[in-house]
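Inspection log for the structure reproduced underneath, given as structure tokens.
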Amino acid sequence: MIVLKKKWIIGFIALLVLGLFIPFSGKFSQWISNYQQQEEWNQGVENPAKNIKTTEVPKLDQLLSKPNLIEELKKKPYFIGYNSNGQYGAFLMYDSEEKAYQVQIYNSYTNHAEYSLQIPLEEPIKSNEIILAQEALDLGYKIKIPPKLLDWKGKTQIKFVKETWDLTIDQKNSIPELTLAEKKSKEKWSFSLKEWPEWNSSSVELFTHPKDSKQLTFVQQKPLFVNLSLLTNKNSNTGKLDEIDQWLYGDFQIVYDQNQTNDLKGYLAVSKKNNEPIVLNQQTIDQWIYLDPSGKMKWYGNSKGIFNQEGKSVYKKENPFNYSIHLIYRETSNEFAYYMVDVFDKKTGRLLKTLIYQWDSKERTMKI
């Protein structure tokens, strides 16, 4: 009789605990769901136009077997995938001039293609080029992460735990422009889309890296990579102007702006007189400044010399200086490579020294 009572008591306790847990578990699951929705602001959707699984990076032979592929690629490139950290993004394109498929792998930091290979239209799957391109994707750049396609209709809002971003594309002076606005800081960042001369809201696709939702990729005629983590108060639309204004006296002109080229190599500004535009290579200037990609002063030149961000002189003499600035771009890709500073004796006009500031990809700044 005592044993029966113990079993009855144990059963009663079990039912009581279960009755309390069921409603709690529902609330707990709802809390987890709400938290995930707050951080994972867009779960992504499958692109019905592609008819390709988005859970893995497709092989080139699979893509090239797709019907009506050329017609789709004429509208926009196919985003194949990222590497693990998002430094590289690979695309399948159609080259209308060469009448060939083209595999391009972009550096997401410079927005320039580091690898490009054409695949013939005739029997592409049997070509040697497809083998080489697949090796570059798999072994060279390790493109193994499929992009997540997001909902985009010309504008969208992105919510993180501590940030809310509004993304819009507008047509300004015949050149489309992407603007990102963060609500808490009220800062804005604008990027030129001059390589998208023909666009509309339905022709643009927006992707993100599944492992880092702050890495965004806009795809139209060419891709544009934007990493929200790299946007700071100092490199915003107003922040960069304020930083330059703290160093240069009077009027100034920005001669290199990473937001206009989408090649994140900083900002270069020079002083000017009477608000007249400066023509580089033809005029000398009294002051100049280079801001690194985050918007911080890295190099500064005035009549007394050239100084680094710590205020230490890297070139100084008794006589006052003026300067001539030369921007050098790569011939093949039109990528900003380095800039040269000719240092002149202001009194005699004699060339004293030429300094070359080259891009350091590891430290992500211009260095002598």
query: Of (1) of a type outside the set (A, V, I, L, M, F, W, C); (2) part of a strand (DSSP E or B); (3) surrounded by fewer than 16 Cβ atoms within 10 Å (Cβ to Cβ), Thr217 satisfies all except one. Which?
result: (3)
message: Looking at segment 274-288, I want the residues that are assigned by TED's automatic domain parsing to the domain that holds Phe344 and have a partner that is assigned to a loop (DSSP other than H, G, I, E, B) and surrounded by fewer than 18 Cβ atoms within 10 Å (Cβ to Cβ) with Cβ atoms under 8 Å, at least 6 apart or on another chain. Which pairs are those?
response: Asn274/Asp251; Asn275/Asp251; Asp286/Ser303; Gln287/Tyr249; Gln287/Ser303
- line: Residue count, segment 227-244, condition over 16 Å from Gly266 (Cβ atoms) and under 13 Å from the mean Cα position of the chain (by Cα), comes to 2
- line: Selection from segment 231-241 of residues crowded, with 16+ Cβ neighbours inside 10 Å and out of contact with any strand residue (DSSP E or B) (no Cβ under 8 Å at 6 or more places or on another chain) yields Thr232
- prompt: So which residues in segment 60-110 are closer than 24 Å to Gly140 by Cα and of a type in the set (Ser, Thr, Tyr)?
  reply: Ser65, Tyr78, Tyr82, Ser84, Tyr88, Tyr94, Tyr101, Tyr106, Ser108, Tyr109, Thr110
Any chance Glu318 is of a type in the set (D, E, K, R), assigned to a loop (DSSP other than H, G, I, E, B) and at pLDDT 90 or above: no
message: I'm trying to understand the selection: among the residues of segment 283-315, which are at positive phi, assigned to a loop (DSSP other than H, G, I, E, B) and either surrounded by fewer than 19 Cβ atoms within 10 Å (Cβ to Cβ) or more than 32 Å from the chain's Cα centre (by Cα) (or both)?
response: Gly311
- prompt: Of the residues that sit in segment 321-338 and are in contact (Cβ under 8 Å) with a residue 60 or more places away in the chain and in a loop (DSSP other than H, G, I, E, B), which one is nearest to Gln253 (Cα to Cα)?
  reply: Glu335
- request: For residues that are surrounded by fewer than 17 Cβ atoms within 10 Å (Cβ to Cβ) and part of a loop (DSSP other than H, G, I, E, B), tally how many sit in segment 182-198.
  value: 8
Residue in segment 163-179 that is outside the structural domain of Tyr256 (by TED's automatic domain parsing), in contact (Cβ under 8 Å) with a residue 60 or more places away in the chain and at negative phi present: yes
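The values are calculated or read from the model by the stated rules, or taken from the named source; none is laboratory data. Keep in mind that this is a model prediction, so the values were computed, not measured. Here the Cβ is made from the backbone with ideal geometry for all residues, glycine too, and neighbour counts use every protein chain on show.
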